[in-house]
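Each value in this text was obtained by applying a stated rule to the coordinates, not by laboratory testing. Treat the numbers as computed from the prediction; the structure is a model and nothing was measured. Here the Cβ positions follow ideal geometry from the backbone for every residue, glycine too, while neighbour counts run over all protein chains shown.
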Amino acid sequence: MTVTLKPVLARLATGETLSVAEAEEAFGIIMSGEATPAQIAGLLMAMRVRGETVAELTGAVRAMRARMHKVEAPPGAIDIVGTGGDNAGSLNVSTATTFVVAGLGVPVAKHGNRALSSRTGAADVVGALGVNVDVPLERLPAILRAANCVFLFAIRHHSALRHAAGPRAELGTRTIFNLLGPLANPAEVKRQLTGVFDPAWLRPMAETLAALGTECCWMVHGQGLDEMTVAGDNQVVELRDSSIRSFIVTPEDAGLPRAPVAAIRGGGAAENAAALLALLKGAEGAYRDTVLLNAAAALIVAGREDSLRSGVARAAQAIDSGAALSALETLKRETA
């Protein structure tokens, strides 16, 4: 077994790529605290400049999953998550979508963190809504069963990543770690709707999940955002039963009107929480339509709907009936 990254760095310096096993070992060294900051930075930038491969992503995710604090989830649980990194500062779409989908009886193990690409990340907004994101980890499975949704605070489940935190901060640029979070859900869900900041990563991330045993996922990118949007065309790469295909989804496909990205521009945690709460109470507009579109996609991924139009109708029913708001209220109560 390699006990240092030096041989790996020597190979990467010549442009070589790593196999799945080699990448798993290399990232295992990093996550075990056995690599120096210089070695970590060198490995990350060598991969970034050359371009990370699916094998390297797969190995890195395996190393990350092997060290994460896992959470038991019921069969059929899904994740609705984004990579971050789109720098759009939008309202919290995946978080709002979580409550809508949970209100329809689909268990959602929502993986998230504090703000990265926006002013308000998932952890920030759910905290502002009154959800305790620091609830004891052993309580999370029961919370998921009771509320049909739970927030899995990434930093608490992936403590091994602390060893790379310093080099990542000093580099100040995107590295492979920006892609790993959505691929390492602590509940080990087999289905997920994942927004990606750069459409070039849609297929590689889908191929990585295929190698890791995911049953179904939609990797999506919409008009510069790491989520689907009603502003125009959305690029989708779908993984279903080991088969991967690409297609375009428009708002019209779901029976929704178009609206510019600026219509879902967000703000601080309090502002975004207020907008999310208003949405769950029935507020109309571009934010609701964007959430309906993403919820429809999530329902297809979960195997609950066959079309975007039928998914939008069910998602609207979850909001208008109060079921989505009830999911949030139950989560607040269960995490108190």
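For Ile78, nonlocal amide neighbours, meaning residues 5 or more places apart or on other chains whose placed amide H falls under 5 Å from its own, are Val108, Ala109. Put in line by how crowded their Cβ is, counting other Cβ atoms within 10 Å and starting with the fewest, Trp201, Trp218 read Trp201, Trp218.
Nearest 5 is fine: what % of DSSP beta bridges in the chain come out antiparallel, could you say? Roughly 50 percent of the beta bridges in the chain run antiparallel, per DSSP.
Highest average first, the peptides 311-319, 135-143 ordered by how many other beta carbon atoms sit within 10 Å of their residues are 311-319, 135-143. Measuring between alpha carbons in the structure, the pairs from Lys110/Lys281; Lys190/Lys281; Lys70/Lys332 lying more than 29 angstrom apart are Lys190/Lys281.
Scaled to the globular estimate 2.2 N^0.38 Å, the Cα spread of region 6-67, given as radius of gyration, is 1.00. To the nearest 10 degrees, how steep is helix 54-67 against the longest Cα principal axis of the chain, on a 0 to 90 scale? The angle comes out at about 80 degrees. Below 8 Å, C-alpha to C-alpha, sequence gap of six or more: please give me the relative contact order for the chain in percent. Relative CO of the chain lands at 22 percent. Checking (1) 5, 23, 27, 20, 14, 8, 2, 0; (2) 6, 28, 35, 22, 8, 1; (3) 6, 29, 38, 22, 5, 0 against P(r) over Cα pairs in 10 Å bins from 0, in percent calculated from these atoms, the matching label is (2).
Between the amide H of Leu225 and any residue lying 5 or more places away or on another chain, no distance stays under 5 Å, with hydrogens modeled in the peptide plane.
Applied to region 288-296, the Karplus parametrisation 6.51 cos²θ - 1.76 cosθ + 1.60 on θ = phi - 60° returns per-residue 3J(HN,Hα) values of 4, 4, 5, 5, 4, 5, 5, 5, 4 Hz, with x for Gly and Pro. Helical content alone sets the calculated 222 nm signal of the chain at -13500 deg cm²/dmol, taking -39,500 (n - 2.57) per DSSP H segment of four or more residues and averaging over every residue. For the chain, find the longest principal axis of its Cα atoms and tell me its angle to the long axis of helix 308-320, 0 to 90°, nearest 10. For 308-320 against the chain, the angle is about 70 degrees.
Per-peptide packing, taken as the mean over residues of other Cβ atoms within 10 Å, places 163-169, 222-228 in the sequence 222-228, 163-169 from highest down.
Taking 7 Å steps out from each Cα toward its Cβ at Ala146 and Ser246 produces label points 4.5 nm apart. Listed by Cβ neighbour count within 10 Å, with the fewest neighbours leading, His158, His221 appear as His158, His221.
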